[in-house]
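Structure first, commentary second.
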Amino acid sequence: MIKKIFLAVIALIFIVACSSSSSDDSPSVSPDNFDRGALLTNLADNIIIPAYQDLSTKLETLTADKDAFVADANQTNLDNLRASWLEAYKVWQHVEMFNIGKAEELTYSFQMNIYPVSTTDVEANISAGNADLTHVNNNDAVGFPAVDYMLYGVADSDAAILTKYEDDKYKAYLSDLVNQMESLTETVLTDWTSSYRATFVSSTSNTVTSSLNKFVNDYVNYYESGLRSRKIGIPAGIFSGGNLFPDKVEGYYSQEFSMVLALEALKAVQDTFNGTGYNNSTSDNSLKSYLDYLNVDEDGDDLGSLINSQLDLSRSKIKVLDDSFSDQIETDNTKMTLAYDDLQRAVVLFKVDMMGALQIGLDAGYIDNDGD
């Protein structure tokens with residue numbers, strides 16, 4: 001145990017040291033001959049781009065179903081629209097972690113999945129009828145959470161929801177929301193397939209701004225903040241002295257998809273770590289194979305296996321939760337905190353042990369939202 005604590009302290013010192021010098025792009029130590037280019041190529045060609053392509057396809061279906069609903073707001077079209085929204089939302093869990101390139105430039109994730117949605121802003125935008133949905137002040141009134149509200153939360157029953165859509169302003173806002181999501185995604189995907197892919201895979205050095213360093217920072221930050229904190233920790237009161245926020249869960253208005261979305265996100269994180277292709281089960285060069293190459297172990301267990309074991313354990317804790325995390329928080333929040341605890345253990349393995357072994361420091365802008 002003492003050895004483990006000592007190594008963790010050394011790794012933290014390294015990360016802090018790298019962070020303190022992150023204002024420039026001076027090269028870090030290049031301690032190995034691992035083929036970073038092969039790792040980046042697998043990420044781009046087998047994981048990132050295929051996931052974006054699938055999201056684009058799912059959003060095309062969502063747009064078509066939205067158009068049908070706007071033309072005829074009946075129960076069948078509402079059901080179809082809800083189904084295509086969920087399918088797109090599940091695929092979104094596979095791209096949210098890739099906050100790099102055009103996605104970072106556009107603050108893509110802020111326009112796609114900030115929750116809880118501000119229903120006050122949504123209703124004000126509907127009433128105004130000409131809101132700029134790209135404005136930063138509307139980040140909490142757009143994207144998947146806003147569509148969640150529009151399809152499930154604007155009234156108390158399906159009949160009442162359909163009545164709402166007799167007002168053309170509701171139809172217009174729903175249409176604008178979905179069209180914006182499709183347009184943003186197409187912009188990011190086109191950038192990847194036209195130019196950014198080459199930039200990404202060719203940046204093989206170990207510097208603050210090189211592809212793998214930025215990717216790992218975004219990946220770990222997403223796991224820590226996007227998955228662990230936002231999906232579980234914040235609504236379960238981890239950062240608020242036990243004050244619970246069942247209204248801050250993902251998919252709050254549909255009330256049945258929080259667990260589905262969390263499990264999809266965890267699968268995406270684990271598949272990316274193992275280099276598993278988005279459209280197949282084949283694994284190639286990955287963060288895990290990089291750790292295997294470096295022969296990184298913790299008390300005799302290799303770090304890659306420890307990370308996978310911890311993610312598997314986290315999955316088992318999430319699977320026992322209610323489909324609705326809101327209901328879970330209100331009936332037995334202890335299960336939420338147990339799931340959080342296991343997700344947190346993987347944060348240490350990623351953020352301290354893995355990043356330390358790869359000699360990747362935290363970006364100056366790394367924000368974990370909870371100060372740990």
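The values are calculated or read from the model by the stated rules, or taken from the named source; none is laboratory data. This structure is a prediction, so every number in the text was calculated from the model and none was measured. Neighbour counts are summed over all protein chains in view; Cβ atoms, including those assigned to glycine, are modelled from backbone coordinates with ideal geometry. All accessible areas refer to the heavy atoms of the entire protein, side chains included, with ligands and DNA or RNA removed. Shrake-Rupley method; radii C 1.70, N 1.55, O 1.52, S 1.80 Å.
Data table
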| quantity | calculated |
| --- | --- |
| Residue ranges of helices (runs of 4 or more DSSP H) in the stretch 99-163 with at least 1 members among the hydroxyl-bearing types (Ser, Thr, Tyr) and open to solvent by 10 Å² or more (accessible area, probe 1.4 Å) | 108-112, 119-128, 143-152 |
| Residue within the stretch 347-362 that is of a type in the set (Lys, Arg) and under 21 Å from the mean Cα position of the chain (by Cα) present | yes |
| Positions within the stretch 167-183 being more than 14 Å from Glu123 (Cα to Cα) and crowded, with 23+ Cβ neighbours inside 10 Å, in sequence order | Val178, Met181 |
| Pairs where the first residue, in the stretch 215-232, is closer than 14 Å to Lys267 by Cα and the second is aromatic (Phe, Trp, Tyr), C-beta under 7 Å, 6+ apart | Tyr223/Phe350; Arg228/Tyr340 |
| Whichever residue in the stretch 281-299 is assigned to a loop (DSSP other than H, G, I, E, B) and either without any contact (Cβ under 8 Å) to a residue 12 or more places away in the chain or of a type in the set (Val, Ile, Thr) (or both) and, among such residues, is farthest from Glu264 (Cα to Cα) | Asn295 |
| Residues of the stretch 49-76 that turn out to be open to solvent by 50 Å² or more (accessible area, probe 1.4 Å) and among the aliphatic types (A, V, I, L, M), as a count | 2 |
| Search result, residues across the stretch 279-298 that are open to solvent by 60 Å² or more (accessible area, probe 1.4 Å) and in contact with a helix residue (DSSP H, G or I) (Cβ under 6 Å, 6 or more places away or on another chain) | Asn279, Ser283, Asp284, Asp292 |
| Residue within the stretch 237-250 that is closer than 19 Å to Trp92 by Cβ and open to solvent by 10 Å² or more (accessible area, probe 1.4 Å) present | yes |
| All positions within the stretch 184-195 that are hydroxyl-bearing (Ser, Thr, Tyr) and either free of Cβ contacts under 8 Å to residues at least 24 places away in the same chain or surrounded by fewer than 20 Cβ atoms within 10 Å (Cβ to Cβ) (or both) | Thr187, Thr190, Thr193, Ser194, Ser195 |
| Members of the stretch 263-291 that are among the hydroxyl-bearing types (Ser, Thr, Tyr) and more than 22 Å from Leu358 (Cβ to Cβ) | Tyr278, Ser281, Thr282 |
| Lone qualifier among Thr276, Thr204, Thr209 - being closer than 23 Å to Gln93 by Cα, in contact (Cβ under 8 Å) with a residue 40 or more places away in the chain and of a type in the set (S, T, N, Q) | Thr276 |
| Where a residue in the stretch 77-88 is crowded, with 18+ Cβ neighbours inside 10 Å and modelled with pLDDT of 95 or more and its partner, wherever it lies, is of a type in the set (Gly, Ala, Ser) and in a helix (DSSP H, G or I), with Cβ under 6 Å and at least six apart | Asn77/Ala68 |
| Residues that are under 12 Å from the mean Cα position of the chain (by Cα), part of a helix (DSSP H, G or I) and of a type in the set (Asp, Glu), drawn from the stretch 217-273 | Asp218, Glu224, Glu264 |
| Filter pass, Asp332 being modelled with pLDDT of 95 or more, surrounded by fewer than 18 Cβ atoms within 10 Å (Cβ to Cβ) and part of a loop (DSSP other than H, G, I, E, B) | no |
| Near pairs, Cβ below 6 angstrom, 6+ apart or cross-chain, from the stretch 323-340 (farther than 15 Å from Leu261 by Cβ) to any residue that is in a helix (DSSP H, G or I) and among the β-branched types (Val, Ile, Thr) | Tyr340/Ile232 |
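Conditions tested, residue by residue: (1) within 18 Å of Asp247 (Cβ to Cβ); (2) of a type in the set (D, E, K, R).
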| position | (1), (2) |
| --- | --- |
| Ser127 | no, no |
| Gly143 | yes, no |
| Ser157 | no, no |
| Lys164 | no, yes |
| Asp167 | no, yes |
| Leu174 | no, no |
| Leu177 | no, no |
| Thr193 | no, no |
